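Participant: Below is one structure. I have some questions about it.
The values are calculated or read from the model by the stated rules, or taken from the named source; none is laboratory data. These figures come from a predicted structure and were not determined experimentally. Backbone-built Cβ (ideal geometry, glycine too); neighbour counts: all protein chains shown. Surface accessibility is based on the protein's heavy atoms, side chains included, excluding ligands, DNA and RNA. Shrake-Rupley method; radii C 1.70, N 1.55, O 1.52, S 1.80 Å.
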Amino acid sequence: MITPAFELTQDPDFLTVKIRVPYARASEFDIYFEGEDFKFYAKPYFLRQLTLPGRIVEDGREKASYNTDEGTFTIQLPKEVPGQYFEGLDMLTSLLAPKKSRSAKPLVEEMAVSAELSEENEEEFDWEMEQIPYEESPPPLQHPYGFGNLRSGVFQRLQDELSDVIDIKDPDQTPAEERRTRRLAAEAAKFESDHYLADFFEDEAIKHLLKYKPWWIDAHKKMTALQGESRQEHDSPAFVVFSEEEREQMRKFTNKSFLLDKRSRRHVYLGLIDILLAYCYEIRVNEGDKNVESSWNIRKLSATLCWLEVSFSSIHDVLVSFGRRVLCYPLYRHFELVTRAFSDTVMILQLGKAAVLKCLLDIHKIFMESDPAYILNDLFITDYCIWIQKVKSEKLAALCESLQKTTLSKSHVGLELEELEAAAVLVQEEEKALKAAGTVSKQQLLCSESETSDSEESSSTSSSETEGSDSDEQESSTSEDGEINSFQGTLQEERTAPLIDCNGLRQGTAASAMEVGDGKSKVSLQSTTPPGKLIEELEMQIQSAMRLSEQPEGLATAGCISQEQEENPVPEPDRFSEDAAGKGNFLEVSPKPNPLLFLCSTNEDED
């Protein structure tokens, strides 16, 4: 027989059961309902028994209809108490009756359920850390793990195949405390400060991921807006809707009971928080899309799945473990992602067990599509999907309230995050200061270069002005040379006449000439000669012995001197004298270079 697809809805007066039975014989079907039981049969479909969360009654208001196009039966059943709210109608697995008859005696393991083990009889659940006196006891041969610590020996048989699923080696022979110690050491060795600081300072991608809104945010807003109007705060179908695929998966689960003591139940609740935190991180960083890394992210960030952690003592321990693993393993390692996953988990728990079940079903699907992560479904997720449907909403609300009161800071994770950030900020400030200093020095260098170029331009300008003044001086000297030449001609005529009169000869015209007048002496040189060379030649000509004598006796001597002057313009100075009757005076040339020397003649004075 085939179990048909079905769903249940309600209004204040009726419970509606919608059953999909395509290709069934609509003319042959049977419906049975009484109290909390409901049965349906339409060949080849058989819904053997549903255990309803409330009582229904047969009073003539019930009715049924069949849609041939869709192949669905819609059955409306009156509630025994009008206005009563039936909780958990979307928990399809828990509605399906166990395979054993409910009228039979309880099984042996169910008979062992006492008041201490039963969740129904427990008045209040204490979420604080439980202190148990230390008692020495021989360790068991194999250490348990899995949902409620109900499994052992699994990895001993499948060690080679499952080595990539979990990080711990040989978990069957590793005690819980040793698992925890190894996990902390592995996390400390894996933490990379450079990766963390890179995500801390370059956080554009992180900010983008933080803006993403998964489906539970909108559902939580609707729940908050309608909280005053709704008669039930949690598990409203308007907030959480299951897909047909999810409903089909719930029908495939085997309904079973779990016998958990108080310690095991604590581990189950804390493990649930750990798994939901990892799932929230995965959904946010991939923005709701699934990829090949989705399975790795969930199991790697959950110590419950990756290290088979069973030693959590409080909710704070779970948060610290999750925070450390987020900062050590995935691609995005930012503390804001830890806090956002924390708030997302709180929202899911506030939405109730329907939202929790929807997340667990999504994890189940991800692991089923990943090889060999499917083994984690058998160890944890499948049992969680069945167990959560039977959990009382009050228990989940108490867990959510305790989670909200728990705080997590960077100092709690034990990776010295605050010190790293402070040191990195100091390094950044130093780099900025050095960069600013380099910019100032560069500007100063540019200023000095501009000043140098300005000075060079000014010097070139002054040099051009100097050259201009030199050219002006050369022009003036040329004009002065013209004047000197004219005076020199006159002087030579005046000097030559007495020489001819006295000696009957004319001295060479190449002899040096001097002009006497107004206390100045001008020497004629070529105008094209540079000023410095003019001075040198002037000194050489002044130092030469120039004699002008009018006596006949000194004619030969004067002629010789004149001839020597033509051959050598710079002769040694000589001293000449005339007779006592002398008609002229002799000039003694001073060894000092003085251009103002005068040659006086008595004849010239007489003239």
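Participant: Answer with yes or no whether residue 74 is touching a Ser or Thr at 6+ places or on another chain (Cβ under 7 Å), open to solvent by 50 Å² or more (accessible area, probe 1.4 Å) and not in a loop (DSSP other than H, G, I, E, B). Walk me through how you get there before you give the answer.
Facilitator: Values: touching a Ser or Thr at 6+ places or on another chain (Cβ under 7 Å): yes; open to solvent by 50 Å² or more (accessible area, probe 1.4 Å): no; not in a loop (DSSP other than H, G, I, E, B): yes.
The answer is no for residue 74.
Participant: Every residue in segment 157-191 that is free of Cβ contacts under 8 Å to residues at least 40 places away in the same chain and not in a helix (DSSP H, G or I), please.
Facilitator: Those that are free of Cβ contacts under 8 Å to residues at least 40 places away in the same chain and not in a helix (DSSP H, G or I): 159, 160, 163, 169, 170, 174, 175.
Participant: Can I ask one more? Give just the number: which of (1) open to solvent by 70 Å² or more (accessible area, probe 1.4 Å); (2) among the small types (Gly, Ala, Ser); (3) in contact with a Gly (Cβ under 9 Å, 6 or more places away or on another chain) does residue 27 not satisfy?
Facilitator: (3)
Participant: Let me ask another. What number of residues within segment 3-21 are over 56 Å from the mean Cα position of the chain (by Cα) and assigned to a strand (DSSP E or B)?
Facilitator: Start the filter on segment 3-21 by keeping residues that are over 56 Å from the mean Cα position of the chain (by Cα), which leaves 13-14, 21.
Now narrow it down to the ones that are assigned to a strand (DSSP E or B): 14.
Number satisfying all stated conditions: 1.
Participant: Quick one: which residue in 313, 343 is open to solvent by 20 Å² or more (accessible area, probe 1.4 Å) and part of a loop (DSSP other than H, G, I, E, B)? I'd like the intermediate steps shown before the answer.
Facilitator: Numbers: 343 fails: part of a loop (DSSP other than H, G, I, E, B).
Going through 313, 343 in turn, just one is open to solvent by 20 Å² or more (accessible area, probe 1.4 Å) and part of a loop (DSSP other than H, G, I, E, B): 313.
Participant: So, one more: In segment 35-52, is there at least one residue being over 21 Å from residue 91 (Cβ atoms) and free of Cβ contacts under 8 Å to residues at least 24 places away in the same chain?
Facilitator: Checked against the condition, which is being over 21 Å from residue 91 (Cβ atoms) and free of Cβ contacts under 8 Å to residues at least 24 places away in the same chain, segment 35-52 yields at least one hit.
Participant: Moving on. Answer yes if at least one residue in segment 48-59 is surrounded by fewer than 16 Cβ atoms within 10 Å (Cβ to Cβ), in contact with a helix residue (DSSP H, G or I) (Cβ under 8 Å, 6 or more places away or on another chain) and assigned to a loop (DSSP other than H, G, I, E, B), and no otherwise.
Facilitator: No, segment 48-59 has no match at all.
Participant: Then there is this: For segment 128-186, give me the residue count where each residue is at pLDDT below 80 and within 18 Å of residue 321 (Cβ to Cβ).
Facilitator: Final tally of qualifying residues: 1.
Participant: Within segment 11-24, track down each residue that is of a type outside the set (D, E, K, R) and open to solvent by less than 80 Å² (accessible area, probe 1.4 Å). Before you say what the answer is, go through the steps one by one.
Facilitator: Start the filter on segment 11-24 by keeping residues that are of a type outside the set (D, E, K, R), which leaves 12, 14-17, 19, 21-24.
Within segment 11-24, 12, 14, 15, 16, 17, 19, 21, 22, 24 meet the criteria.
Participant: Which of the residues spanning segment 413-428 are surrounded by 13 or more Cβ atoms within 10 Å (Cβ to Cβ) and of a type in the set (D, E, K, R)?
Facilitator: Once the filter is applied, which keeps residues that are surrounded by 13 or more Cβ atoms within 10 Å (Cβ to Cβ) and of a type in the set (D, E, K, R), segment 413-428 yields 416, 421.
Participant: I've got another one for you. Please go through segment 391-414 and pick out each residue that is charged (D, E, K, R) and under 30 Å from residue 255 (Cβ atoms). Quick ask: steps written out before the conclusion?
Facilitator: We begin by selecting, within segment 391-414, every residue charged (D, E, K, R); these are 392, 394-395, 401, 405, 410.
Result: 392, 394, 395, 401.
Participant: Hey, any hits in segment 249-260 for a residue that's modelled with pLDDT of 95 or more, of a type in the set (D, E, K, R), under 21 Å from residue 354 (Cα atoms) and in a helix (DSSP H, G or I)?
Facilitator: Taking segment 249-260 first, the residues modelled with pLDDT of 95 or more are none.
Checked against the condition, which is being modelled with pLDDT of 95 or more, of a type in the set (D, E, K, R), under 21 Å from residue 354 (Cα atoms) and in a helix (DSSP H, G or I), segment 249-260 yields no hits at all.
Participant: Hey, among the residues in segment 30-47 that are more than 26 Å from residue 81 (Cβ to Cβ) and among the charged types (D, E, K, R), which one's surrounded by the most Cβ atoms within 10 Å (Cβ to Cβ)? It would help to see each step written out before you state the result.
Facilitator: Going residue by residue through segment 30-47, those that are more than 26 Å from residue 81 (Cβ to Cβ) are 30, 41-46.
Remaining after also requiring among the charged types (D, E, K, R): 30, 43.
Numbers: 30: 10, 43: 13.
Per the criteria, the residue is 43.
Participant: Out of curiosity, is residue 308 touching a strand residue (DSSP E or B) at 6+ places or on another chain (Cβ under 7 Å), among the aliphatic types (A, V, I, L, M) and closer than 21 Å to residue 169 by Cβ? Before you say what the answer is, go through the steps one by one.
Facilitator: Values: touching a strand residue (DSSP E or B) at 6+ places or on another chain (Cβ under 7 Å): yes; among the aliphatic types (A, V, I, L, M): yes; closer than 21 Å to residue 169 by Cβ: yes.
Yes, satisfied.
Participant: If you don't mind, another one. With (1) over 23 Å from residue 203 (Cβ atoms); (2) touching a residue at least 40 places away in the same chain (Cβ under 8 Å); (3) not charged (D, E, K, R) as the list, and residue 338 as the residue in question, which single condition is left unmet?
Facilitator: Here residue 338 meets the rest and fails (1).
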